[in-house]
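S.K.: Shown below is the structure under consideration.
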Amino acid sequence: MPLARFGRAATAGILRQVLAQRRTEKRFHASAADILDEAADALIRRFATSQRLVFNLTGTVLHTNLGRAPVPPEAAEAAAAAMRGATTLEFDLTTGHRGERDDHIAPLLCELTGAEAATAVNNNAAAVMLVLNTLALGKEVPVSRGELIEIGGAFRVPDIMARSGAILREVGTTNRTHPRDYTNAIGPGTAALMRVHQANYAITGFTAAVSTADLAGIAHAADIPLIEDLGSGSLIDLERWGLPHEPTPREALSAGADVVTFSGDKLLGGPQAGLIVGRADLIRQINGNPLKRALRLDKGRLAALEVVLRLYLAPDQLAERLPALRLLTRPEADIRATAERVSSALAAISPGRPVAVESCRSQIGSGALPVDLLPSAAVTIGGKSLESLAAMLRALPRPVIGRIGQGRLWLDCRCLEAVDEAAFLAQLPKAS
Ligand SMILES: *Cc1c(COP(=O)(O)O)cnc(C)c1O
């Protein structure tokens, strides 16, 4: 079988490896069939992809390490179709001449945010970098000390500003920044003001911050633009579904921000992307920056993003059709019913361990606040050596990822939807 599937060279290579391994480990007693089995297993492992689909039962819906927002099936299909063939990526069917790749999404982004113009790049970090490099290269950008954030990984506002070529001018203090802090910092070398959404933390107590509207007033009086990094941002008001208010690009723009950046794969629920919306003259400059070419989106992600943005044109169906929103708004009773249905199968593979269905709280993830917000239900498994239990679930064909805490393994069932339940249950007996 392996020879037919992988060919002579790959099979011979693996056989040599298996025999060499046996020699170094001095495992000489084996039948030819044993060696062939071992080689077949090794071949299958060698050709299996390393990025795998998993069941995200961590309780964090937009989990950065697990790929953030799951996109709607029709968006994934559009991406796959675009990647398989030639498309109108940069081709105008009416004229038969060259077109613009941004034209597939820019009009939609303008309609959904009220912006004059829009563009898209690899992610929001790239968006911030490109905006600063275009508008503030070698010039100063005042930012409040309360907004000099680290998102995780290597995204720290001061570092990204330094790499963009803009000069960070820190103003105010950690807890309080006033309008006069910005006015005093503005001089002939100031290119723009920037505001960064406090995504993954909160400053409470004796605090003061300058609103987007006030900051826009200060920027415009000095004849410079206001840049706002919204981080997650949401194209619609999430309060409609009982979720906390997340500032929308439309709000930031109508408060006077000139350029707004946000992520495609956080609350928006689409593929990884960085979206830039705002004043037409500034977006034109941004698109004229040679770095745009280095940061632009490929046809697959543009195809998926276009499908997701079109879903927002029908907001009444959004909570059903956009998986990120569907998961975030899933009723607790529904999640609990799933937990009850899968708990006995989980008990069957955890002999001697206490298994229960317990209430818990899911997180939105991707830095969205407040944490521990969404009432949910989990199957919990107790007993000793929870790490080895977690490892056993991670070794399943479609790995199951939970979370260890309070002496138990928690499998939050929010992201285990009915359509996936049969596949989840069917693979459990393979656990060992
Ligand atoms: C998440 C976030 C970023 C980085 O966005 P990516 O899409 O992960 O590159 C930047 N700024 C803020 C405020 C964020 O929340």
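S.K.: Identify all residues within the range 55-68 that are crowded, with 17+ Cβ neighbours inside 10 Å and in a loop (DSSP other than H, G, I, E, B); write none if there are none.
M.R.: Across the range 55-68, the qualifying residues are Leu57, Thr58, Gly59, His63, Arg68.
S.K.: Could you tell me whether the range 139-150 includes any residue that is at negative phi, within 15 Å of the ligand (Cβ to nearest atom), touching a Pro at 6+ places or on another chain (Cβ under 8 Å) and assigned by TED's automatic domain parsing to the domain that holds Asp181?
M.R.: For the range 139-150, residues at negative phi, within 15 Å of the ligand (Cβ to nearest atom), touching a Pro at 6+ places or on another chain (Cβ under 8 Å) and assigned by TED's automatic domain parsing to the domain that holds Asp181: present.
S.K.: Pick out the one residue from Ala209, Ala191, Ala213, Ala222 that is surrounded by fewer than 23 Cβ atoms within 10 Å (Cβ to Cβ) and under 20 Å from Thr113 (Cα atoms). Full working, then the answer.
M.R.: Working: Ala209 fails: under 20 Å from Thr113 (Cα atoms); Ala191 fails: under 20 Å from Thr113 (Cα atoms); Ala222 fails: under 20 Å from Thr113 (Cα atoms).
None of the other options fit; the residue is Ala213.
S.K.: Out of Ala106, Ala136, Ala117, Ala127, I need the residue that is among the aliphatic types (A, V, I, L, M), away from the ligand (no atom under 16 Å from the Cβ) and under 30 Å from Ile203 (Cα atoms). Which one? Spell out the reasoning first.
M.R.: On the way: Ala106 fails: under 30 Å from Ile203 (Cα atoms); Ala117 fails: under 30 Å from Ile203 (Cα atoms); Ala127 fails: away from the ligand (no atom under 16 Å from the Cβ).
That would be Ala136, the only listed residue that is among the aliphatic types (A, V, I, L, M), away from the ligand (no atom under 16 Å from the Cβ) and under 30 Å from Ile203 (Cα atoms).
S.K.: From the list Arg169, Arg240, Arg163, exactly one residue is modelled with pLDDT of 90 or more, under 30 Å from Gln317 (Cα atoms) and either away from the ligand (no atom under 16 Å from the Cβ) or part of a helix (DSSP H, G or I) (or both). Which is it?
M.R.: On the way: Arg169 fails: under 30 Å from Gln317 (Cα atoms); Arg163 fails: under 30 Å from Gln317 (Cα atoms).
Arg240 is the lone residue from the list that is modelled with pLDDT of 90 or more, under 30 Å from Gln317 (Cα atoms) and either away from the ligand (no atom under 16 Å from the Cβ) or part of a helix (DSSP H, G or I) (or both).
S.K.: Got a sec? Which of Ala82, Ala39, Ala118 is part of a strand (DSSP E or B) and buried (at least 20 other Cβ atoms within 10 Å of the Cβ)? Before you say what the answer is, go through the steps one by one.
M.R.: Numbers: Ala82 fails: part of a strand (DSSP E or B); Ala39 fails: part of a strand (DSSP E or B).
It is Ala118.
S.K.: Which members of the range 264-313 meet the condition of being surrounded by 23 or more Cβ atoms within 10 Å (Cβ to Cβ), on the phi < 0 side of the Ramachandran plot and assigned to a strand (DSSP E or B)?
M.R.: Gly274, Leu275, Ile276, Val277
S.K.: If you go through the range 200-229, how many residues are touching a helix residue (DSSP H, G or I) at 6+ places or on another chain (Cβ under 6 Å), of a type outside the set (Ser, Thr, Tyr) and within 15 Å of the ligand (Cβ to nearest atom)?
M.R.: Count: 4.
Residue-wise test of (1) in contact with a Gly (Cβ under 9 Å, 6 or more places away or on another chain); (2) part of a loop (DSSP other than H, G, I, E, B); (3) among the aliphatic types (A, V, I, L, M); (4) within 21 Å of Leu53 (Cβ to Cβ).
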{"site": "Cys360", "(1), (2), (3), (4)": "yes, no, no, no"}
{"site": "Ile364", "(1), (2), (3), (4)": "no, no, yes, no"}
{"site": "Pro375", "(1), (2), (3), (4)": "no, no, no, no"}
{"site": "Ala390", "(1), (2), (3), (4)": "yes, no, yes, yes"}
{"site": "Arg414", "(1), (2), (3), (4)": "yes, no, no, yes"}
{"site": "Leu425", "(1), (2), (3), (4)": "no, no, yes, yes"}
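S.K.: Pick out the one residue from Asp420, Asp372 that is on the phi > 0 side of the Ramachandran plot, of a type in the set (Asp, Glu) and not assigned by TED's automatic domain parsing to the domain that holds Leu267.
M.R.: On the way: Asp420 fails: on the phi > 0 side of the Ramachandran plot.
Step by step, each of Asp420, Asp372 is checked, and only Asp372 is on the phi > 0 side of the Ramachandran plot, of a type in the set (Asp, Glu) and not assigned by TED's automatic domain parsing to the domain that holds Leu267.
S.K.: Ok, one more. Quick one: would you say Ile105 is among the β-branched types (Val, Ile, Thr) and without any contact (Cβ under 8 Å) to a residue 60 or more places away in the chain? Talk me through it step by step, then tell me what you get.
M.R.: Numbers: among the β-branched types (Val, Ile, Thr): yes; without any contact (Cβ under 8 Å) to a residue 60 or more places away in the chain: no.
For Ile105, the condition - among the β-branched types (Val, Ile, Thr) and without any contact (Cβ under 8 Å) to a residue 60 or more places away in the chain - is not met.
S.K.: Can you pull out the residues in the range 88-136 that are more than 22 Å from Gly300 (Cα to Cα) and under 19 Å from the mean Cα position of the chain (by Cα)?
M.R.: Once the filter is applied, which keeps residues that are more than 22 Å from Gly300 (Cα to Cα) and under 19 Å from the mean Cα position of the chain (by Cα), the range 88-136 yields Val128, Met129.
The values are calculated or read from the model by the stated rules, or taken from the named source; none is laboratory data. Keep in mind the model is a prediction, meaning the values are calculated, not measured. In this analysis, Cβ positions are derived from the backbone assuming ideal geometry, glycine residues included, and neighbour counts consider all displayed protein chains.
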